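Engineer: I am attaching a structure below and will ask some questions about it afterwards.
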Amino acid sequence: MSAMGGRVLALLLIAQACTPNPRELARAARASDSLTIVFADSAARRALAAEPRAPTVPEHTPHACDEPATSVAFLALWSGALSLTLPADFTPIDTARVASHGIHRWLGADKSTVVVRRDGATYHSGWTGSLTSECTVDIAGARAHIDLADATVDVPDYVVRAVLERPRMLPFVFEGHARSVRRQAELLRALRSLSIAESAWIRSVVLE
Amino acid sequence: MFTAHDLFGFSTRTRAALALVMLSVVSATLGYLWASPATAPARVQRILQKYTGPAIAVGASVREMSTSLGTPFEFVPHLGYVAHVGDSTGVSELRLLLPRGKRAGRPNDADRPDAVEILTTSDGAFNTLAVEVSAAFRDPPREGCLTMSQPGTYREVRYWQTPLHFGGIALTNDYGGNGSVVRPGMVVTGLLAFAGRFNGGETMRGNYSPQPCAVLAGLGQ
């Protein structure tokens, strides 16, 4: 073999060292590509987590003016001069003696409570928390001011409170404490079903 | 007269074979040296180190960089080493890219990358980097495009080289006309500092084309 042959071989060796290997390059490209996708996904997740959250008012929180439709079974209940429909899991917890004082209470399976009583209380009272909405409507032939509030501290406490008024008569107060927003909507619907016998209003006439 | 021929008594054929072997060794050595990772020019290192700190340099060993940075690197077969480091956005990735012939093997602390890449999603990163690199090279960039594995997805490439092509900087960013985006408004920007001449896909470690992404995306230009 001549010196020329040696040069050709040398050039071939150099060329081999410098020529990209398409398969190796494709593997490198795939690795880089995958890393970039993973990095972008990770960055997107972090950015999403860092976004400011919306106020903590839960979704579908009912408004005091609503008469929400619910899917649970309701049961008509009577307690003295009062009648209303409540979710079927509510049961009365009053003794006859308590009821005789004009206080009517029910307890739900999830520890939600409803109380109806005659009281001179004013609006926006009876709980500690934020008022989420209020509304004035007619219920049971009376002017009713409804407050919805979130009094949650350690346990969920969504309040439905209404003061039902007739001129020169002691108001009735409906006060429900719900364990969930869904339950709050159910109590709001129960409030709208409240009926007070005329005799009860007469007994509560304020003597001037 | 006493000659080497008299000393060794080689025939013409033997001499030719020896010459061939010597030439092969010399050319292979030269080829290896030519392809070996080199240190990038000071201008390139300066730009890179502005964002990575002095611990990171093209051509430095993985051991040196890992020790100085205090962050472990993860070996990625066929590519090099990766570390996650913090920046103002909380997310940044540092890649030590190994040269051809070195990246298919096992991790080795003595590996020396011939390119270093940082990726970030920091707002306005591309503009900041483009202004800085343009000022350092006093030259407009050359443009190209990386075609990603996901169909219809591209990354724009702009690169600068030193006059004698001893190294350069490439900036990459998500192409605005991509078919899908990971998160609206988020752009992944990359800065790749490399040693040696820009060599398309080999330098970028991707499916590189020296055309704008708009052309590849079929929008023409």
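Engineer: To the nearest 10 degrees, how steep is helix B:42-52 against the longest Cα principal axis of chain B, on a 0 to 90 scale?
Structural biologist: Long axis of B:42-52 versus the principal axis of chain B: about 50 degrees.
Engineer: Cα convex hull of the stretch A:74-203: how many Å³ per residue?
Structural biologist: 99
Engineer: Given a cut-off of 24 Å, what percent of all Cα-Cα pairs of the stretch B:42-216 lie beyond it?
Structural biologist: 34
Engineer: Please determine, in degrees from 0 to 90 and to the nearest 10, the orientation of helix B:125-137 with respect to the longest principal axis defined by the Cα atoms of chain B, where the helix direction is its Cα long axis.
Structural biologist: Result, in degrees: 40.
Engineer: Are there trypsin sites (Lys or Arg not before Pro) in the stretch A:121-208 that DSSP puts in a loop and that have at most 13 other Cβ atoms within 10 Å, and which ones?
Structural biologist: Qualifying residues, ordered by number: A:ARG168.
Engineer: Near A:VAL72, within a Cβ-to-Cβ distance under 10 Å, what is the net charge of the other residues, with Lys and Arg +1 and Asp and Glu -1?
Structural biologist: +1
Engineer: Compute the distance in nm between two label points, each set 7 Å from the Cα along the Cα-to-Cβ direction, one at B:VAL26 and one at A:ILE37.
Structural biologist: 5.0
Engineer: Could you work out which residue, out of B:ARG100, B:ARG43, B:ARG183, moves most in a Gaussian network model of chain B, that is, has the largest mean-square fluctuation with Cα springs under 10 Å?
Structural biologist: Answer for the Gaussian network model of chain B: B:ARG183.
Engineer: To continue, here is another question. Going by how many other Cβ atoms sit within 10 Å of their own, how do B:CYS213, A:CYS65 line up, fewest first?
Structural biologist: A:CYS65, B:CYS213
Engineer: Could you compute Rg(Cα) / (2.2 N^0.38 Å) for the stretch B:156-221, with N its residue count?
Structural biologist: Normalised Rg, Cα atoms only: 1.23.
Engineer: Given 0.36 nm per residue, what is the gain on full extension from A:VAL72 to A:ALA109 after removing their alpha carbon distance, in nm?
Structural biologist: Extra length from A:VAL72 to A:ALA109 when fully extended: 12.0 nm.
Engineer: At a 10 Å Cβ-Cβ cut-off, how would you order B:VAL188, B:VAL44, fewest neighbours first?
Structural biologist: The order, fewest Cβ neighbours first, is B:VAL188, B:VAL44.
Engineer: Which ordering of A:SER42, A:SER32 is given by a fewest-first count of other beta-carbon atoms within 10 Å?
Structural biologist: So the ranking, lowest neighbour count to highest, is A:SER42, A:SER32.
Engineer: Along Cα→Cβ, 7 Å out, is where each label goes; now give me the distance between the ones at B:SER61 and B:LEU164 in nm to one decimal.
Structural biologist: About 2.7 nm, to one decimal.
Engineer: Moving to a separate point now. Taking only the Cα atoms of the stretch A:115-186, how large is their convex hull per residue, in Å³?
Structural biologist: So the per-residue Cα hull volume is 82 Å³.
Engineer: Excluding A:ALA144 itself, what net charge comes from residues whose Cβ is under 10 Å from its Cβ, given Lys and Arg +1 and Asp and Glu -1?
Structural biologist: Net charge in that neighbourhood comes out at 0.
Laboratory data are not the source of any read-out in this text; all were calculated from the coordinates shown. Being a predicted model, the structure only gives us computed values, none of them experimental. Cβ: placed from backbone, ideal geometry, glycine included. Neighbour counts: every protein chain shown.
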